[in-house]
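The values are calculated or read from the model by the stated rules, or taken from the named source; none is laboratory data. Worth saying up front: this structure is predicted, and the values here are computed from it rather than measured. Cβ coordinates were reconstructed from backbone atoms using ideal geometry, including for glycine residues, and neighbour counts include every protein chain displayed. Surface accessibility is based on the protein's heavy atoms, side chains included, excluding ligands, DNA and RNA. Shrake-Rupley method; radii C 1.70, N 1.55, O 1.52, S 1.80 Å.
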Amino acid sequence: MKNDLVKLFEETFGRLPQAVTCAPGRIEFIGNHTDYNGGLVLGAAIDRSVKVAVARREDDRIHLKSLMETQDVQTSLSSVIRQTGARFWANYPLGVLESLKQDGLLPDKGFDLLVTSDVHPGAGLSSSAAFELASALAFSSIYNFPMTRERLVMAARRAENEFVGVPCGILDQAVSCFGKEDHLVLIDCKQITFTTVPLPKGVNFWIFNTNVKHNLVTSLYATRHQECMEAVRLIKQSLPEIDCLADVTPKQLKAHLHELPKKIGLRARHVVEENQRVKDTIAALAKGDLRTVGTLLLASHESSRKLFENSCPELDTFVDLLKKRAHVFGARLTGGGFGGAVMAMTGPEFTEVQASEVAADFAARYNNCCPAIFHAKTGDGAHVV
Ligand code: GLA
């Protein structure tokens, strides 16, 4: 893919790129909506990625082109504004640029950028975070910005929060940056630490994309964010020492649940119990106890379905079909929810044949629609190609 991208860059812009970078999509393994609540989350970088080719220009113009989009975007360093409609995609690199400027990292010249991707957009695999990470790495490379990997993650997340306008946590950008083949990335979102946890041998991941995207997904995500912040505000009245939901133990929450409005209580239970599930998953993985890990994945989905209400019938159908299958340890929605994809953790005996049967069963229930399935291998985090 690199050579094709270099060739296309040369055809488009009449010269070779100065940097080609690659950042992977990610699976949210477990830790649903725990990140912006100061909790723990486990994710894996996958072998699908966004690739960006960039070269500096002699003037202050910016020219952005995507192989997946119809509209190019042309602007200049001094007049970067948020894009809408068919040019929305350009907000990811432009947001990163603005985020770097806030850190005092100012490009002296403009640039040309060409992007390509094989991460399914809208499947909850974070193609947008991958684009941000690949852009941040490309800019740091062509402008010689001194950036640690932590700083790349922060710049990319701020782009999403402040420029794109999604109040997401750090999960997507961190996993895309710190991913490692055959490992999960463990993020402690309060301490802001990133470590890797080896995956036991024989673990396989399958992605079942419902192709459903709730049209209010961004505002539903923002509503859940607000509900969690409201839960913290209310619990703090009795437990002033807490700063975030992850500071509350399941036992403490039980004791104070009656102080919360019903809906806020459900959201808080999801986050507090999910954080505990991440801890239990880490312990089970260390023992190689994949059955227990699978049970925790299913419990996470059930909690999304009943407490956080960020699932949908199509996601539930996939999980229900998968949990009846041999060689499936567990399955759950991956990412923000309200549509998108289900991730299944399986043994090696679960192959394309079984995955296609599950997809066919799903299709039979939903007017023969054609869900996308694929075997996701774990991969490394963002790098210069
Ligand atoms: C999206 C967000 C993440 C995280 C997940 C839910 O992927 O971008 O920050 O909140 O949803 O866990």
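From the alpha carbon centroid of region 183-213 to that of region 114-166 is 18 Å. Against the compact-protein benchmark of 2.2 N^0.38 Å, the Cα-based radius of gyration of the chain scales to 0.99.
Packing, as the average of other Cβ atoms within 10 Å across residues, places the peptides 359-365, 208-214 in the order 208-214, 359-365, highest first.
By definition, a body whose alpha carbon gyration tensor gives a ≥ b ≥ c is oblate when a/c is 1.5 or more and a/b is not larger than b/c, and region 292-377 fits this oblate description. For the peptides 183-194, 17-28, the ranking by mean Cβ contacts within 10 Å, running from highest to lowest, is 17-28, 183-194. Only alpha carbons enter this Debye calculation for region 1-71, each as an equal point scatterer, and the log10 of I(q)/I(0) it gives at q = 0.19, 0.23, 0.26 Å⁻¹ is -0.82, -1.01, -1.20.
Summary value for the chain: 23 percent relative contact order, contacts being C-alpha pairs under 8 angstrom separated by 6+ residues. Here the Karplus relation 6.51 cos²θ - 1.76 cosθ + 1.60, evaluated at θ = phi - 60°, turns the backbone of region 332-345 into coupling constants of 7, 5, 10, x, x, x, 6, x, x, 10, 9, 10, 10, 9 Hz, with x for every Gly and Pro. Working note: Cα gyration tensor of region 37-78, eigenvalues times five, square-rooted, sorted largest first, giving semi-axes of 32, 16, 12 Å. Based on DSSP H segments of at least four residues, each scored -39500 (n - 2.57), the chain has a per-residue ellipticity at 222 nm of -12500 deg cm²/dmol. Helix 217-236 and the longest principal axis of the Cα set of the chain meet at an angle near 60°. Only lysine pairs 8 or more places apart or on separate chains count here, and in region 198-321 those with Cα atoms under 22 Å apart total 19. For the chain, a simple Cβ point-charge model (Lys and Arg +1, Asp and Glu -1, everything else neutral) yields a dipole of about 540 debye relative to the Cα centre. The simple Förster model, with R0 at 56 Å and r as the Cβ-Cβ distance, assigns E273 and R15 a FRET efficiency of 0.55.
Cα convex hull, region 227-385: 163 Å³ per residue, rounded to a whole number.
Of all lysines in the structure, the ones whose alpha carbon falls short of 28 Å from that of K101, not counting any fewer than 8 places away in one chain, are K51, K65, K109, K190. Considering only C-alpha atoms, what is the centroid distance from region 67-89 to region 268-285, in Å? With region 67-89 and region 268-285 each reduced to a Cα centre, they are spaced 40 Å. Build a GNM of the chain with springs between Cα atoms under 10 Å apart, and of S78, S140, S117 the one that fluctuates most is S78.
Classification of region 206-259 by its C-alpha gyration tensor yields a prolate form. The axis ratio a/c (a ≥ b ≥ c) is 1.5 or more, and a/b outweighs b/c. Is region 169-230 rounded, prolate or oblate when judged by the Cα gyration tensor, a ≥ b ≥ c being the square roots of its eigenvalues, rounded requiring a/c under 1.5 and prolate requiring a/b larger than b/c? Oblate shape, in that a/c is at least 1.5 and b/c is the bigger or equal ratio. Per residue, region 266-385 exposes an accessible area of 40 Å² to a 1.4 Å probe, with every protein chain left in place. Here's how it looks for D47: its modeled amide H is under 5 Å from those of K377, G379, which are all 5 or more places away or on a different chain.
Taking label points 7 Å from Cα along the Cα-to-Cβ direction, T70 and E259 give a separation of 5.5 nm.
Within the accessible surface of region 1-151, defined with a 1.4 Å probe on protein heavy atoms only, the carbon and sulfur portion equals 46 percent.
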